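The values are calculated or read from the model by the stated rules, or taken from the named source; none is laboratory data. Note that this is a predicted model, so its numbers are computed, not measured. Glycine gets a Cβ as well: all are built from the backbone with ideal geometry, and neighbour counts include every protein chain shown.
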Amino acid sequence: MVEVLDSSAKLASFNGKSAGVKTVGVIGAGQMGHGIAQVLAHRGELEVIVQDVSEKALERGATGIEQSLQKFVSKEVITADKKAGILSRIRFENSLDALKNADLVVEAIIENEEIKKDLFKRLDELVKPSAILASNTSSISITRLAAVTKRPEQVIGMHFMNPVPLMKLVEIIRGAQTSDETYAVVADLTARLDKTGVMSRDFPGFISNRVLMPLINEAIFALFEGIGSAQDIDTVMKLGMNHPMGPLTLADFIGLDTCLAIMNVLHEGFNDPRFRPCPLLKQYVDAGYLGRKSGRGFFVY
């Protein structure tokens with residue numbers, strides 16, 4: 001039931017399917033949103049509109065893209081002219097109305113189902129009938145998001161990995177209603193972005209977080225039960241299991257509030273105690289220890 005999209009003959013059959021996608025809207029100017037916008041604008045034929053209700057978020061997003069691109073210039077991965085071209089294809093807007101002519105909209109807001117549903121209802125009324133609505137959700141049901149729209153066959157999951165400009169994977173999630181045509185367009189666009197697409201069925205956590213989050217949660221239980229220190233747990237996984245980053249460091253990087261939200265989705269979705277969030281994870285989120293973004297999580301930054 002898992003399909004890998006690569007340069008095989010199967011992917012070649014999607015070639016050109018996304019040619020009609022010229023303008024892409026990205027909702028949310030946070031770390032994921034501005035990373036997605038940067039990758040999209042890297043393609044010379046795509047115009048990108050980043051929308052966020054917060055002016056400060058838009059400013060931080062614009063700064064984040066500029067700094068990221070400058071690193072690529074410094075490392076001679078791209079030229080200064082290429083950087084300028086990418087920046088010229090991104091514009092930042094407060095109003096959702098700015099997305100009304102987009103061919104594809106990628107939602108990258110808070111991992112909250114009700115907030116996402118409300119947004120998808122609004123987008124469904126706003127954007128043109130042919131537009132595809134995609135969610136960058138890491139765990140929430142695409143089927144349920146699609147059901148609040150009048151175009152459920154044009155709703156799909158497009159889960160980018162963090163940091164978006166560096167990570168090659170895009171997890172493509174087909175809801176129960178997602179059409180073959182919508183899937184083909186997104187699969188082709190993923191390849192155009194020089195990413196590897198993997199298709200997942202619409203189950204809680206999809207593939208990535210169905211596997212990753214229980215591992216992180218178990219590492220937190222090991223810390224909670226005093227089996228080892230945070231540093232020792234991470235060292236075992238890095239040096240003993242060849243993981244590039246320890247699970248607790250990774251949790252801090254993702255954000256402990258996001259980890260908890262995903263564990264709650266898994267626990268509620270499967271009604272299985274093995275997905276019960278660790279009490280220590282809940283306590284840290286309650287304390288505001290969210291990881292790198294707050295300056296403290298399992299480690300201090």
Please go through the stretch 64-88 and pick out each residue that is surrounded by fewer than 16 Cβ atoms within 10 Å (Cβ to Cβ), closer than 16 Å to residue 48 by Cα and not charged (D, E, K, R).
84, 85, 87, 88
Filtered residue count, the stretch 142-158, keeping only those that are surrounded by 22 or more Cβ atoms within 10 Å (Cβ to Cβ) and either touching a residue at least 40 places away in the same chain (Cβ under 8 Å) or part of a loop (DSSP other than H, G, I, E, B) (or both)
3
Keeping to the stretch 231-249, report how many residues are surrounded by fewer than 20 Cβ atoms within 10 Å (Cβ to Cβ), of a type in the set (A, V, I, L, M, F, W, C) and within 17 Å of residue 209 (Cα to Cα).
1
Matching option when the condition is outside any helix (DSSP H, G or I) and within 23 Å of residue 110 (Cβ to Cβ), among 203, 253
203
Count, please, the residues in the stretch 136-187 that happen to be under 20 Å from residue 37 (Cα atoms) and among the small types (Gly, Ala, Ser).
3
Would it be correct to say that residue 128 is part of a loop (DSSP other than H, G, I, E, B) and of a type in the set (D, E, K, R)?
yes
Filter the stretch 273-301 down to residues that are assigned to a loop (DSSP other than H, G, I, E, B) and among the hydrophobic types (A, V, I, L, M, F, W, C), then give me how many there are.
4
Test result for residue 228, surrounded by fewer than 22 Cβ atoms within 10 Å (Cβ to Cβ) and not in a helix (DSSP H, G or I):
yes
Quick test for you: out of 103, 97, pick the one residue that is in contact (Cβ under 8 Å) with a residue 60 or more places away in the chain, within 30 Å of residue 151 (Cα to Cα) and either loosely packed, with under 13 Cβ neighbours inside 10 Å or in contact with a Ser or Thr (Cβ under 9 Å, 6 or more places away or on another chain) (or both).
103
Test: residue 194 is acidic (Asp, Glu), in the same structural domain as residue 38 (by TED's automatic domain parsing) and outside any helix (DSSP H, G or I)
yes
Confirm whether residue 97 is under 25 Å from residue 197 (Cα atoms) and among the charged types (D, E, K, R).
no
